[in-house]
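We did not get these values from a lab; they are worked out from the coordinates using the rules stated. Model, not experiment: these values are computed from the prediction. Counting neighbours? That spans all protein chains shown, and the Cβs are built from the backbone with ideal geometry, glycine included.
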Amino acid sequence: MVRERVLPIIDEAAKKVSREEGLLLYEDMVLGRLFEDKCAEMYYRGKMFGFVHLYSGQEAVSTGIIKAMRPGEDYVSSTYRDHVHALSCGVTAREVMAELFGKETGCSKGRGGSMHLFSSPHNLLGGYAFVAEGIPVALGAAFQCRYRREVLGDESADNVVACFFGDGASNNGQFFECLNMAALWKLPILFVVENNKWAIGMDHDRATSQPEIFKKASVFDMAGVEVDGMDVLAVRSVAREAVGRARAGKGPTLIEALTYRFRGHSLADPDELRDPAEKEEWLARDPIERLKAHLNERNLATADELKEIERQVQATVDDSVTFANESAEPDPKDLRRFIFAED
Ligand SMILES: Cc1ncc(C[n+]2csc(CCOP(=O)(O)OP(=O)(O)O)c2C)c(N)n1
Ligand SMILES: [Mg+2]
């Protein structure tokens, strides 16, 4: 058996969820999973170009954090593993699938593809292909929120930023520089490390002197918490606290979510390096199954109701493929557009 870290137990009161909220969290995670299952199918059918990195297994992190924020007002930055973050932000399945197909109707007008999903209306600051590249971008967004509120006197600028990145990124210099500035200026930002134990084929424990990433917050005098990233209610609970702290002007939080990707690093990775016993142990902790059991046990939803949500989500995903297929390619005459902002 693979030895895993023991996580603090979140008390039941903090995990309490209403039926309405529970169904919303369930739907968002199922959307992420079914959308990406379809991505794999479409990638192997040759519909997508370049690398495609799936998030399957990690859905509780995206859903738990983003659904604790204000959609469209708060900001989110991502990595190349960005499809599910975009969906949680409310970017439609149609716009994400069309982007993956390189179509004009995609959220980045077909210019970005899988690793570069952007959406200004959703305050999605982008997916970034370079490891840790999104961290300074998110820091800048957090800085402008504080600047607008305190220097320009805009009381409404109480927005919060969630910055997602991986365990591998936490060994990059930008991580440390940005944590320092965020703590120094008490910026409204959540640094969310999705510790899925691997950076391509590099075992996290072999790559860093202190594998418990949340502890790195303490040297910046910043709050740092670890959480079970396979439990959406636990993630939501720490996210709410961190969002509250950020919005109240009390500064950033480093959240380390322990999670696992169920597939290879990208769809081009045969995934032969990870121990099958480790994979099995984490597959048994599937966050979707976990929430399903929670809702069933507390009589918040029946199995049939959850099945109906899955059916509707599948229809949304299928529709996104039809939409992407039928959408036009970008026009070559527009090749130079959208590089810089247009009036
Ligand atoms: C600056 C930089 N160095 C190296 C790479 C190559 N690379 C792509 S993904 C990756 C691993 C990152 O792992 P992690 O941050 O844990 O994220 P995960 O893929 O596990 O979500 C590396 C090294 C890159 N994209 N950018
Ligand atoms: Mg990783």
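As a length-normalised measure over Cα pairs under 8 Å and 6 or more apart, the relative contact order of the chain settles at 24 percent.
A simple spin-label model places the labels of Ala207 and Phe176 1.7 nm from each other, with each point 7 Å out along Cα-to-Cβ.
Shown is the FRET efficiency for Arg336 and Glu297, computed with R0 = 41 Å from the Cβ-Cβ distance and rounded to the nearest 0.05: 0.10. Exposure proxy for Val219, Val84, Val6, Val243: other Cβ atoms within 10 Å of each Cβ, ordered fewest to most, give Val6, Val219, Val243, Val84. Label sites at Glu281 and Val219, each approximated as a point 7 angstrom past Cα along Cα to Cβ, lie 2.8 nm apart. Shape analysis of segment 97-237 places it in the oblate category; the axes a ≥ b ≥ c from the Cα gyration tensor give an a/c of at least 1.5, with a/b not above b/c.
Straightening the chain between Asp271 and Val151 buys 38.2 nm, computed as 0.36 nm per residue apart minus the Cα-Cα spacing.
Only helices enter this figure: runs of n ≥ 4 DSSP H residues, each worth -39500 (n - 2.57), summed and divided by the residues of the chain, yield -13000 deg cm²/dmol at 222 nm to the nearest 500. When the square roots of the Cα gyration tensor eigenvalues are ordered a ≥ b ≥ c, the ratio a/c for segment 27-129 is 1.5 or more and a/b does not exceed b/c, which makes its shape oblate. Our note on the geometry: Cα centres of segment 84-158 and segment 1-41, 23 Å apart. Between Glu305 and Lys16, the simple label model (points 7 Å from Cα in the Cβ direction) yields a spacing of 1.8 nm.
Taking the number of Cβ atoms within 10 Å of each Cβ as an exposure proxy, the fewest-first ranking of Asp28, Asp319, Asp275, Asp158 is Asp275, Asp319, Asp158, Asp28. One equal scatterer on each Cα of the chain, no solvent, Debye formula: the resulting log10 I(q)/I(0) at q = 0.07, 0.10, 0.12 Å⁻¹ is -0.27, -0.58, -0.85.
Between Val193, Val91, Val151, which gets the highest mean-square fluctuation from a Gaussian network model of the chain, Cα cutoff 10 Å? Highest fluctuation among the options: Val151.
Listing Thr79, Thr322 from fewest to most neighbouring C-beta atoms within 10 Å gives Thr322, Thr79. Which residues does the label zone of Lys250 cover in segment 206-222, counting backbone N under 20 Å from a point 7 Å along Cα→Cβ? The answer is 214-222, whose backbone nitrogens lie closer than 20 Å to the label point.
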